[in-house]
1. May I ask which residue of 107, 200, 169 lies farthest towards the positive end of the charge dipole of the chain, with charges of +1 (Lys, Arg) and -1 (Asp, Glu) on Cβ and the Cα centre as origin?
2. With axes computed from alpha carbons, what is the tilt in degrees of helix 80-89 against the longest principal axis of the chain, rounded to the nearest 10 within 0 to 90?
3. Which three lengths, in whole Å and largest first, does the chain cover when its Cα atoms are put on their principal axes?
4. Along the positive direction of the dipole of the chain (beta-carbon charges: Lys, Arg +1; Asp, Glu -1; about the Cα centre), which of 63, 292, 181 reaches farthest?
5. Anyone know which of 192, 63, 79 comes out most mobile in the 10 Å Cα GNM of the chain?
6. Can you put 133, 237 in order, fewest other beta carbons within 10 Å first?
7. Can you compute the helix-only [θ] at 222 nm over the chain? Use -39500 (n - 2.57) per DSSP H run of at least 4 residues, normalise by all residues, nearest 500 deg cm²/dmol.
8. Based on the Cβ-Cβ distance from residue 58 to residue 173, what FRET efficiency comes out when R0 is 22 Å, to the nearest 0.05?
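Computed from the coordinates by the stated procedures, all read-outs in this text should not be read as laboratory data. Owing to the predicted nature of the structure, the values given are computational and were not obtained by experimental measurement. Because the Cβ atoms are built from the backbone with ideal geometry, glycine has one as well, and the counts that use them run over all protein chains shown.
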Amino acid sequence: MEPIRLGVIGCGIAARILHWPALQQLKEQFTIQAVCNHTEPKAKDFAALVGGVPYFTDYQKLLEDPAIEAVAILLPVHLNAQAVKDAVRAGKHVMVEKPLAASLEEAKELVELSRTCPQVTLVAENFRYRRLFDKAAAFLQDGTIGAPYAVFWNCFKHMTTDNQYAQTQWRIRHRYPGGFITDGGVHNMAALRDLFGTLTVTAAFAKCINPAIGELDSLSFQFNAAHSVQGVFNIFFSSNSYLEDRLLIMAQEGCMIIENNTLTVKRNGQTEYEEQFAEDKGYFEEYQDFFQAIRTGSPVKSSFAEAYADLEVIISALDKAAAAPAE
């Protein structure tokens, strides 16, 4: 099958350190035809990095190129909706970075668009492609630890102003609810929803500890899932002196722990399985999925509808926190 002629819209951090390394491994599947960034220095630098391709500062010019079959839209969240609509209107297949849109209203419009347009539409939600979570889902499905009943996921980070993400103005002066909480939290919602199905938020609180990184940086919420599973999700970006990324699944016959890139299964006080999933980021796999969907017509794993549902859980938690009585 011929490689897909790809245009990249947005040449920032995600393009350079997340997408380009994956595309370098997929040269038989993708050829970058052109890139675009609204500031010329970034466009020029990224164009040089990926092989000296043409670059634009207006993505409409890139979309006018009939040689380009598909685009990767890697823009600030609040620009996603219009860019996706323009790309679909131009007849391009679309991959867009998560979160899908800056609001549920915009995201719903994009879901409807994806259902009616003939092109492939995919959200770059890499957690949906990580082998670690696929393995965890297999253990749950085959009953290795019995029926799960409780889930706890702690994401405690310390985002300081010298972090490259915190130096991006659209992230700290965000035009979408939740800032880093939403940008990062949709990853976790994708994994939790793939493992446990629909999540219903029952209680939440949110705080801002460090205003320098956005309006909110701390969120905790309780949720219910199918089969009487209950859980707590904590995502804190200003956790000073304590860092953790740990998902604990408690079940009737054991437990499962996902900590960073390591999956552990325990039963009766003994470790029955442990594996470290090195280089398990999911970006390579999401591009493989995009390629197969375009060339063979197979359905994508990370659809606009799935990304909408991921975003809906986070927005629901933020709304629940905002509605909580003040102390």
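1. Value: 169.
2. The angle comes out at about 50 degrees.
3. Rounded to whole Å, the extents work out to 59, 46, 37 Å.
4. 63
5. It is 79.
6. Ranked by crowding around the Cβ, least crowded first: 133, 237.
7. Roughly -10000 deg cm²/dmol at 222 nm, from the helical runs in the chain.
8. The value I calculate is 0.40.
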